[in-house]
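The values are calculated or read from the model by the stated rules, or taken from the named source; none is laboratory data. Values in this document were obtained by computation on a predicted structure and should not be read as measured data. Please note: Cβ atoms are built from the backbone with ideal geometry, for glycine as well, and neighbour counts cover all protein chains shown. Just the protein is used for accessible areas: all its heavy atoms, side chains included, with ligands, DNA and RNA removed. Shrake-Rupley method; radii C 1.70, N 1.55, O 1.52, S 1.80 Å.
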Amino acid sequence: MANTRDPTTDSDKPLIYQIRIQGQLGRQWADWFGGLTITRDDHGDTLLTGAVVDQAALHGLLKKVRDLGIRLLAVNQLEPD
């Protein structure tokens, strides 16, 4: 299987992801999470939202969640504005 990019479906732009974690995480963690926006939802969980340059960077963010011992609830790719 060739490892080539399809210009009709691939983009050089970072993808937007939203990572939902259980509990409250303060905004002071934004730099540690690569500048993602940190917001709290109505259910008491935290949303980390922002551009992620590639899959390696996404896995790095998920590793940080794991290393903090925070329960990961969901990871969603969002449509760009």
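Every residue in the stretch 1-28 that is modelled with pLDDT of 80 or more and closer than 15 Å to residue 55 by Cα, please. Can you show your working first?
Restricting attention to the stretch 1-28, the residues satisfying the condition of being modelled with pLDDT of 80 or more are 14-28.
Within the stretch 1-28, 14, 15, 16, 17, 18, 19 qualify.
Looking at the stretch 8-19, is at least one residue farther than 15 Å from residue 74 by Cα, open to solvent by 60 Å² or more (accessible area, probe 1.4 Å), of a type in the set (Gly, Ala, Ser) and in contact with a helix residue (DSSP H, G or I) (Cβ under 9 Å, 6 or more places away or on another chain)? No: the stretch 8-19 contains no residue that is farther than 15 Å from residue 74 by Cα, open to solvent by 60 Å² or more (accessible area, probe 1.4 Å), of a type in the set (Gly, Ala, Ser) and in contact with a helix residue (DSSP H, G or I) (Cβ under 9 Å, 6 or more places away or on another chain).
On the stretch given as the stretch 29-60, residues that are assigned to a helix (DSSP H, G or I) and either at pLDDT below 90 or small (Gly, Ala, Ser) (or both) total 3.
Just to verify a result, which residue in the stretch 38-76, among those that are polar (S, T, N, Q) and within 12 Å of the chain's Cα centre (by Cα), is surrounded by the most Cβ atoms within 10 Å (Cβ to Cβ)?
Taking the stretch 38-76 as the starting set, the residues that turn out to be polar (S, T, N, Q) are 39, 46, 49, 55, 76.
So of that shortlist, the ones also within 12 Å of the chain's Cα centre (by Cα) come out as 46, 49, 55, 76.
Values: 46: 21, 49: 15, 55: 9, 76: 11.
Here the answer is 46.
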